[in-house]
Structures are given as C-alpha cells and as structure tokens.
Amino acid sequence: MINFFHSGGCHDSCCLKVQHLSVSIGGDKILKDVNLHVHCGQMVALIGPNGAGKSTLLRALLGERDYDGNIIFSVPGSRKARARIGYVPQTPNFDPGDPLSAADLFACCLSRRPAFLGQSKADRELITECLERVHGEDLIDKRVGTLSGGELQRVLLALALEPMPNILILDEPLSGVDIEGQTELMDMLDEIRKTYDLSILMTTHDFSMLPRYADRVVLIDHEVKIQGEPKEVLASDEFARAFHIREV
Ligand code: ADP
Ligand code: MG
C-alpha cells in the first residue's frame, strides 16, 4: 500500500522510504526485499545492469505496479499534505515531422485540451514560466521531434515540475544526451533541487557523474547489492561483479 502522508519517526527529514519491497511479474520475482531511503533534498542515483529492475522499482513508486512491502512518502513539516511526485519517463521518440511544438505538448498535459485548439494567453504565460525554470523558454515554439536529446529532457523536466513536486523521479534522463548536454542537465537538476528544495531519484548508467552530483547511490540487481556514498559504491566488489569489471 502506498502511504503518501507524513510518516513521522524519521527525524522529519525523510521524503521517501521503501521497506521490504518485492515485485513479481508473471511469476518472475523482479525485485526482492528492496529497502531504501531518499531524504529530503537528496539526490539518489539508482544503478544496475539492464533488466535489474530499476524501471520496475520506479513504476512501483508511481503506483503503476503491484508490489508487496511498504512505500512511504512524507512531506516535511506537514502531517496532512500529500507528497507530490514529478516523473520524467525514459525519453519518448518523436518524429521530426510530428506537428507538435513544446507549447502544444504542455497545453495537452496541463490543460488537457487537444493540441489543435492552440493555447490561451494564460496557458502560454504558464508554459513560458515552466520553461524558464529549466532555462528553456526559447524552446516554446520548437517542434518536439526536432529537439536535441538534452533539449527534450529539459522540456520533459519542465513538465514534471508543474506543479512543483516534493520528489522528482527520472528514468535514465542522461541516455540519448551528449556529454556536454549531460553536464548541463545534471547542473540543472542540482540547481532545481536546491532552489525548490526537492528530492531526486534517478536511474542512470553514467557513473562518471555520480561522485559530483549524487548524495547516495543504490546498486540493484533484483535486490539491493550495496548502497552508500558514490565513491564507496563505485569502488565496491558488488559494483565490479554487477558490471563484470575484472581487475587487470
Ligand atoms: P531495468 O530498468 O533495470 O533495465 P526493468 O525494470 O525494465 O529493468 O525490467 C526488469 C525485468 O522485468 C526484465 O527482465 C523485464 O523483462 C521484466 N519486465 C519489466 N516489465 C515487464 C512487463 N510489463 N512484463 C513482463 N516482464 C517485464
Ligand atoms: Mg529501465
């Protein structure tokens, strides 16, 4: 059962607690007894080989997967407020010919109006404000299919930040983004979490970013193999085993 309310008992600084979480799909145990905490304001990276269950874990957090165990979201300082979750999915594929601008995408998602109706003046002001949060206001009239990987991630991020969540969940935001774009995106996530005081949980395969940006790293391969500070996890035997790294 997902509990979105204040959990108490976590020194008022715990934003997400996962306890003994297991997920089975079609008789296969995909996740087994996963325990982790994401504290308020922290950036936590979830890593693991392909098929390890990273996206499945995120889907369970979003309420899109059945599971056993507990998922507890808490909002600091409030016993009644619901925690808001922002989600950036793995990058969808848009075709350059798709007649859909960033503004159209926002209008569909925020006001649930069909894109062909265009946007009202108030909608457009809100969309501009949202894009400004990710320094992407110049993207408003660009077709989403023509955006670079980094630009598309910024648009999806801006969408996930309206309304401003308590925790932001991103599934492989760095894949499909070039090295320069990756640093820009990570700097932006860092800025956003500090400015808006939110927690970030993201999956990634880009381990070089971890020591600089992540507070904690959780390595899963159907179960938690190790979790801790980035340098500790990256230097661990569990990490070497999970990614088949041999000493030379
Ligand atoms: P990761 O994101 O770590 O690459 P996933 O969570 O996507 O891994 O997948 C973990 C395992 O669960 C894989 O073996 C995958 O085939 C399986 N799986 C995920 N979703 C489904 C589904 N809807 N139906 C059947 N198997 C699934
Ligand atoms: Mg995945």
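Points to keep in mind about this one:
- Checking each residue in the range 222-233 for being open to solvent by less than 50 Å² (accessible area, probe 1.4 Å) and in contact with a helix residue (DSSP H, G or I) (Cβ under 9 Å, 6 or more places away or on another chain) picks out Ile226, Pro230, Val233.
- The lone exception for Gly118 - which of (1) modelled with pLDDT of 85 or more; (2) open to solvent by less than 30 Å² (accessible area, probe 1.4 Å); (3) not polar (S, T, N, Q) it fails: (1)
- Number of the condition not met by Asp187 [criteria: (1) surrounded by fewer than 17 Cβ atoms within 10 Å (Cβ to Cβ); (2) touching a residue at least 24 places away in the same chain (Cβ under 8 Å); (3) touching a Phe, Trp or Tyr at 6+ places or on another chain (Cβ under 9 Å)]: (2)
- Qualifying residue in the range 162-170 (condition: in a helix (DSSP H, G or I) and touching a strand residue (DSSP E or B) at 6+ places or on another chain (Cβ under 8 Å)): no
- Given (1) away from ligand 1 (no atom under 16 Å from the Cβ); (2) under 30 Å from Asp123 (Cβ atoms); (3) small (Gly, Ala, Ser), number of the condition Ala235 does not satisfy: (2)
- Some residue of the range 62-76 being within 16 Å of ligand 2 (Cβ to nearest atom) and over 30 Å from Lys142 (Cα atoms): yes
- Test: residue in the range 203-213 that is open to solvent by less than 10 Å² (accessible area, probe 1.4 Å), modelled with pLDDT of 95 or more and within 17 Å of Cys15 (Cα to Cα): no
- Only one entry of Pro89, Pro96 meets the criterion of being within 13 Å of ligand 1 (Cβ to nearest atom), under 30 Å from Lys121 (Cα atoms) and at pLDDT below 95, and that entry is Pro89.
- Residues satisfying the stated conditions in the range 134-176, i.e. within 16 Å of ligand 2 (Cβ to nearest atom), under 20 Å from Ile192 (Cα atoms) and touching a helix residue (DSSP H, G or I) at 6+ places or on another chain (Cβ under 7 Å): Gln153, Ile169, Asp171, Pro173, Leu174
The values are calculated or read from the model by the stated rules, or taken from the named source; none is laboratory data. None of the values given here were measured: they were computed from a predicted structure. Cβ: placed from backbone, ideal geometry, glycine included. Neighbour counts: every protein chain shown. The protein model used for the area step is the full one, side chains on, heavy atoms only, and it has no ligands, DNA or RNA in it. Shrake-Rupley method; radii C 1.70, N 1.55, O 1.52, S 1.80 Å.
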